[in-house]
Amino acid sequence: MHARQKWCFSTLALFLVVFSVIGFASAEGDPDIHYVPTPQYVVNELLEIAETNKDDIVYDLGCGDGRFVITAAKKYGARGVGIDIDPERIRESQTNAMNAGVADRVKFIEADLFKTDVSRATIVALYLLPQLNLRLRPKLFKELKPGTRIVSHDFDMDDWTPDIAGGLGSSLYYLWILPADVEGTWNVKISPTSGIAHDYQVQLTQKFQELMGRTISRKEEIEISSLKLKGDAISFFLSERINQWKVDMHFKGRVEGDSLSGSVQIEGGPYTGLHTWTAVRN
C-alpha cells in the first residue's frame, strides 16, 4: 500500500472512532452522546447532596441503565422516571428495576429528552455534554418549579454557578437549585403592629440565584445586604434610622408569582419584634 493510501486509511479510521465515541449522528432519533454509565458512588453522592426523600419525583434525562432512578427508589423511596432515546437502554433499565424490586416506583420512557415534559420533576439528573446542558437549560427554567434540584455528573451549566460543586475520584459533580424569578421592583409593606408607618420600594436585579438590591422610595438610598435566593425562599437585610433609633430588619419569605410574604425580625427601640411582611411586584 502506498504511503498516501495508508495515511488516508488511518485518518478515516480515526474519524470513525471519534465519531462513534462522541455518538453524534445526523439521523433523527439517534443518541446525541455515546452511553457511559455514571459510577455508582457518584450516583450516591448526587442523590445525597440533592437531599432526596420519599416525596421526590426524580427524572434522569439520558438514563442509561436506569441506576440513578433505581437507586433513588430503592434507597430513599422516591419515584422516578428515566428518559432515553435508545431502546436497548430502556429494556436494560426495565430489567434492572425488576431485579431491584422497584419496578412499581419507576418507569422508563423511550423518547427525546428535549421533547419530553419534565414539569413533574423535583430532582433532575444529567450526564450530558456541556453543549447539551446549555441547550437544555431554557427548557428546565421554563418547565420546572422553583426549588427543583438539578444534579450533573462531570459537566456544568456554563455561567450558571452551581450551589454545590465537588469532586469524587476522577469525577466532578454539581447541584443547582432552580431559582424563582424575582427581578423587578417590589412594594414592601411591614405589618402595622411593627409601628413602622411607611413602605419600601425595593428594586431587585437577578442573575440566576444571585441578587442585587436597592431601595428607590427615599431621598436617601437605604442599604440592602445579605440577599439570598434558594428556590422560592428569599431573604435580605435592611437597616435605616427611624426617628432616633437605628432599626435593623431581617426579612425572610417565599415567592409566589408576583407576590412575596413572610416574617421580618426587627431590632431597634420600640420597633423590636417579629412581624409579618408582604410585597407585590410592580
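The values are calculated or read from the model by the stated rules, or taken from the named source; none is laboratory data. Values in this document were obtained by computation on a predicted structure and should not be read as measured data. Backbone-built Cβ (ideal geometry, glycine too); neighbour counts: all protein chains shown.
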Qualifying residues in the range 70-110 (those that are in a helix (DSSP H, G or I) and small (G, A, S)) - the one farthest from D55 (Cα to Cα): S93
When the residues of the range 127-156 are narrowed to those that are farther than 15 Å from F208 by Cα and not in a helix (DSSP H, G or I), which ends up nearest to the chain's Cα centre (by Cα)? V151
Take the range 202-222 and flag every residue that is in a strand (DSSP E or B) and buried (at least 16 other Cβ atoms within 10 Å of the Cβ). V202, Q203, L204, Q206, L211, G213, T215
Check on L260, surrounded by 13 or more Cβ atoms within 10 Å (Cβ to Cβ), within 16 Å of N187 (Cα to Cα) and either in the same structural domain as L144 (by TED's automatic domain parsing) or touching a residue at least 12 places away in the same chain (Cβ under 8 Å) (or both): yes
From the list L132, L168, which one is crowded, with 16+ Cβ neighbours inside 10 Å and either out of contact with any Phe, Trp or Tyr (no Cβ under 8 Å at 6 or more places or on another chain) or in contact (Cβ under 8 Å) with a residue 60 or more places away in the chain (or both)? L132
